[in-house]
Each structure stands twice: as structure tokens, then as C-alpha cells.
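The values are calculated or read from the model by the stated rules, or taken from the named source; none is laboratory data. Every value quoted in this text rests on a predicted model; they were computed, and no experiment measured them. Here Cβ is always computed from backbone atoms with ideal geometry, including for glycine, and neighbour counts include all displayed protein chains.
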Amino acid sequence: MVHSEIIESHFNSIENYIYVAEKVVPFNKELHDKVISELSIWAPEEFTFVDLGLGGGEIDEKILDKFPKSHLIGVDISETMLSLARKRLARFGERVHLEKGDFAHIDFGMENDFVISELAIHNSTDDEKAKLFQNIFDSLTDKGIFINADFIAGEDPIENERDKKWYLNFLQENLEGEELEAWVRHAFYEDNPSKLSDQYKLLEEAGFKKVEVTWKKMNLAVYAAYK
């Protein structure tokens, strides 16, 4: 089974991700609020945004409500996640376009004002990240912004090991049995979080002029990359 199929299988097995997310993502609400706050700083009255790995569409609903002239292109590899998002976002009608696919390998359009992603890109391999960041850069308008909220690896072995142990304790406090086993396997054997410094390099190689970390706690961070 190739890596993308492993990720798809994992998320297809989760029927209520929004409930589970609170158990597997530390500081989940704070992280998502930071994405919306960062987007709000730069958002014009009308704009198009892409969400890569939109999950159940919770953050997208908030953005579409907050900005009545915004339009969403949502991409997810999991049909289960897309089904949740379709139900949640149905009331926005033609303002929403959802597409099933591996965002590392599909075309998600051009002239987008923002590309956002939450807790998704860490699922990609290093080679996929390099290609994805280039695709994101190319898809943005001249002053477009990429906002990424994700799991990260520590910058040195000690920091990385500390964060991994802390996250394992977090999972063990919130989950048990087969659910705990599934998420430990996903987090420590299927995921591929990258150091911020490595991501900076890939983003700069893609053409982004500036990358700024706007929020960071333990093994999670939010950054904005400016075209």
C-alpha cells in the first residue's frame, strides 16, 4: 500500500473527526482560531481560498460565515471527511466547491487569494511537500498568502524527543484500546512532520518572499508564507 493510500484508509475509518480531533490535537481550537485571525488581517471583502485537507469543514464554515463574499475550494483525500464537509457546508451553495484527491498530486486552480491547511501537510512525504509548496505558490495571486497550521518536528534531537514523548502522553490521556493504537500508529509511523527550518527552505525555493511563524506550542505551529 502506497503512503497516500495508508493516509486515506486511516481517515476513512473515522466517522466523527470533529469529536476525535479534540482528543488527538492539542490546543485544537486555539490553533484553528489563529488561522482565522491571520487570514482576517489580510482578507479583502471578496476572495477565494483553498483548504487543503479540509476534514469535516469546521474552520471553512467559520470563514464562510465571517466573510459572506468568500469562496472555498476544498480538497481532501478521504471520502468520509468530504461527506462530513458536504453536509456542514451545504447551506453555502455555489460558494463551495469540494474535490476528492491527494492534494500533493492534483491541480487546485489558479489566482487564489489564500491557500490554507490545517493538520494535513504533515501526512505528506518530503518530496511531496516540495512539489506541493511549489504548486501552492503557483496557484496564488501576486500578493497571495499560504497559511499552514500543522504538526512539526523538533529542530534538534532533544527537542524532537521531548515533543514526541509529550504528545504520546497526550494521546494516552485521551484515548484507549484500539483507538489509541490506531492514532499512535498514525502519529509515529505513518505521519511525516518536518522541522520548520526544512519547511522554510522548501518555501523559499518555491519562491515565497517571507515566512513568518505566528503561533507555536510544543509540536504544533502556524505560519504564513507571503508570495
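Tabulated results
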{"quantity": "Filtered residues of segment 174-186 (kept if in a helix (DSSP H, G or I) and either free of Cβ contacts under 8 Å to residues at least 60 places away in the same chain or of a type in the set (D, E, K, R) (or both))", "calculated": "Gly177, Glu178, Glu179, Leu180, Glu181, Val184, Arg185"}
{"quantity": "Pair list, Cβ < 9 Å and 6+ apart or interchain, from segment 47-70 residues that are closer than 16 Å to Gly101 by Cβ to residues that are of a type in the set (S, T, N, Q) and assigned to a strand (DSSP E or B)", "calculated": "Val50/Asn112; Val50/Ser117; Asp51/Ser117; Leu52/Ser117; Leu52/Asn148; Gly53/Ser117; Leu54/Ser117"}
{"quantity": "Segment 204-215: number of residues that are closer than 19 Å to Glu155 by Cβ and free of Cβ contacts under 8 Å to residues at least 40 places away in the same chain", "calculated": "4"}
{"quantity": "Set Asp142, Asp150: member being closer than 21 Å to Ser40 by Cβ, of a type in the set (D, E, K, R) and loosely packed, with under 14 Cβ neighbours inside 10 Å", "calculated": "Asp142"}
{"quantity": "Candidates Lys216, Lys209, Lys164, Lys201, filtered to the one that is closer than 24 Å to Leu140 by Cα, basic (Lys, Arg) and either surrounded by 15 or more Cβ atoms within 10 Å (Cβ to Cβ) or out of contact with any Phe, Trp or Tyr (no Cβ under 6 Å at 6 or more places or on another chain) (or both)", "calculated": "Lys201"}
{"quantity": "Qualifying residue in segment 75-90 (condition: closer than 22 Å to Ala224 by Cα, at pLDDT below 90 and in contact with a helix residue (DSSP H, G or I) (Cβ under 6 Å, 6 or more places away or on another chain))", "calculated": "no"}
{"quantity": "Count of residues meeting criterion [of a type in the set (D, E, K, R), over 27 Å from Lys131 (Cβ atoms), modelled with pLDDT of 80 or more and not in a helix (DSSP H, G or I)] in segment 1-58", "calculated": "2"}
{"quantity": "Leading residue by the ranking (nearest to the chain's Cα centre (by Cα)) among those in segment 126-173 that are β-branched (Val, Ile, Thr) and part of a helix (DSSP H, G or I)", "calculated": "Ile136"}
{"quantity": "Residue, farthest from His122 (Cα to Cα), within segment 178-227, restricted to residues that are among the β-branched types (Val, Ile, Thr) and under 16 Å from the mean Cα position of the chain (by Cα)", "calculated": "Thr214"}
